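*Asks:* First, the structure itself, so that you have it in front of you.
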Amino acid sequence: MKIRLSYKHIFLETLLILSFSFIFSLFAKDFHFWLVISLILALIWHHRNEFKLLEILYPKAKAKSQRSLLEYLSPTQAYWERKNRKEKIKTLRLLSKLNKNIKYLPDGVIICQQNGEINWCNNTAQEIFSFYWHKKTHKNIFNVIFYPEFKTYFHHHIDQHPLVLFTTDQRYIEINLNLYDSSKYLVIMRDVTQIIRLLHTRQTFLSNVNHELRTPLTVLQGYLEFLDENMKNEPYYKKPLQTMLEQTHRMAHLLEQLSLLAKIEQSNKPHYPVNLSNILDSIKKNLAILGDNSQKITFEITPNLQVLGDEGQLQSATSNLIYNAIQHSGKHANIHISWKPCEEGAKFCVSDDGIGIAEKHLPHLTERFYRVDESRNKQTGGSGLGLAIVKHALEQHHSTLLIESEQGKGSCFSFIIKNRYLVK
């Protein structure tokens, strides 16, 4: 509609100019002379309207005496150029401010070429590795971070964890390498010395607790079992002895899980091909012997589906998920366990139609010692560490635990091993 109206105005204006030129040519001069005069008058009229429109759109325009030649010849073009110039200045100011803020980030940032030539870095990076850089000087990242393990990581960083360097001044520096564009790398680094020292302290504490408590627990269990065997005919002592035995067994199991969790967190073992299908077949055979007949457990396992990983950690993760479903889904529940290929790689899933878990508990299930129901965990002997072990074991295999549950309708625990970690 707007286009038709515009054509109509152009046609009417052209007709008016031609009519004006023809009428005046009847009295003086020729038609072409008056046509030129009419066109000049129309141009002046349009120019005047253009100026008025721009004064409304751009009220802070400069005085006429300060206008450039372009503004007289093409006010619209001058207006857009002035507007673009202002937006460009605004963007440059924002980038300058952002650049200043990046300089003082707590993490070190280096942008370099594929050959290691540094294009830009912030102050934190210079402080971490004690060097000076200026945009007019040429410096190579391998002369700054001169450790051989960094050079290996730089050239073979695809699908690897961040590199943690132990420097000559007894510090731990975490380095993460990312593609900046087709020809540059973005290197992000941070000092993680305090975090690693805390982890070492916790590891030492857990090892000491495990060592110091295991011996007295073994002694207690031995004497309690001895008393339990020799006082079978004393009903007054039977219940207290059984309760104490249960608690010592539970404490020993808790120490084993804490030790396992600490080992998984600190694990840096290389990954080898693991036939997870065979591991699940073994669990299936064990369940056939020890399973509860009140529950229906079905398996859907693709044969010889192998992954790159740690066999012990994968066995711990899958068995924890399966036994959790058996213990907490409730009697007469149907439990389905599957391990099969999917679009992203291979998916392990344990689903049931049991009692389910309330939504408020789902974000906390993988926290240490978190229990959905204290009374239920006392009955089943849960320690609250099983899903924490699963979470950390999956992190070692570049995967995450996915939890879906609805109270009264069942639960589904699953994880996916990506295609690049499958053995084909």
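Only the coordinates and a few stated rules stand behind these numbers; no lab work does. None of the values given here were measured: they were computed from a predicted structure. So basically every Cβ, Gly included, is an ideal-geometry build from the backbone, and we count neighbours across all protein chains shown.
*Asks:* Between H156 and Q221, how high is the FRET efficiency from 1/(1 + (r/R0)^6) when r is the Cβ-Cβ distance and R₀ = 45 Å? Nearest 0.05.
*Replies:* 0.35
*Asks:* A further question follows. So if we plug the beta-carbon distance of R93 and E149 into 1/(1 + (r/R0)^6) with R0 = 35 Å, what FRET efficiency do we get, rounded to 0.05?
*Replies:* Efficiency, rounded to the nearest 0.05: 0.25.
*Asks:* Add +1 for every Lys or Arg and -1 for every Asp or Glu among the other residues with Cβ under 9 Å from the Cβ of I264, and state the total.
*Replies:* -2
*Asks:* Measuring from centroid to centroid over Cα atoms, what is the spacing of the stretch 247-272 and the stretch 276-347 in Å?
*Replies:* Using only Cα atoms, the two centres lie 20 Å from each other.
*Asks:* Let me have the relative contact order for the stretch 147-257, percent, based on Cα pairs under 8 Å that are six or more residues apart.
*Replies:* Value for the stretch 147-257: 14 percent.
*Asks:* Could you run the Karplus curve 6.51 cos²θ - 1.76 cosθ + 1.60 with θ = phi - 60° over the stretch 396-408 and give me ³J(HN,Hα) per residue in whole Hz, x for Gly and Pro?
*Replies:* Calculated HN-Hα couplings, in order: 5, 10, 6, 9, 9, 7, 9, 10, 10, 7, 9, 4, x Hz.
*Asks:* Just grab the label-to-label distance for L15 and H211, each label 7 Å out from Cα along the Cβ direction, in nm (one decimal).
*Replies:* 10.5
*Asks:* Tell me the label-point distance for the pair R82, Y132, using the 7 Å Cα-to-Cβ offset, in nm and rounded to one decimal.
*Replies:* 4.7
*Asks:* Run the simple label-point estimate for N286 and W45 please: 7 Å along Cα→C-beta, distance reported in nm.
*Replies:* 9.5
*Asks:* Let me ask you something else. Could you calculate the FRET efficiency of Y236 with N275 from 1/(1 + (r/R0)^6), where r is the beta carbon distance between them and R0 is 41 Å, rounded to 0.05?
*Replies:* Approximately 0.15, to the nearest 0.05.
*Asks:* OK, next. Within a Cβ distance under 11 Å of K340, other residues only, what is the Lys/Arg minus Asp/Glu net charge?
*Replies:* Residues close to K340 contribute a combined charge of 0.
*Asks:* If I stretch the segment between E117 and E359 completely, what's the gain in nm (0.36 nm per residue apart, minus their alpha carbon distance), one decimal?
*Replies:* That works out to 82.0 nm of additional length.
*Asks:* How much length, in nm to one decimal, is gained on full extension between L186 and L26, taken as 0.36 nm per residue of separation minus their Cα-Cα distance?
*Replies:* Gain in length upon complete extension: 49.8 nm.
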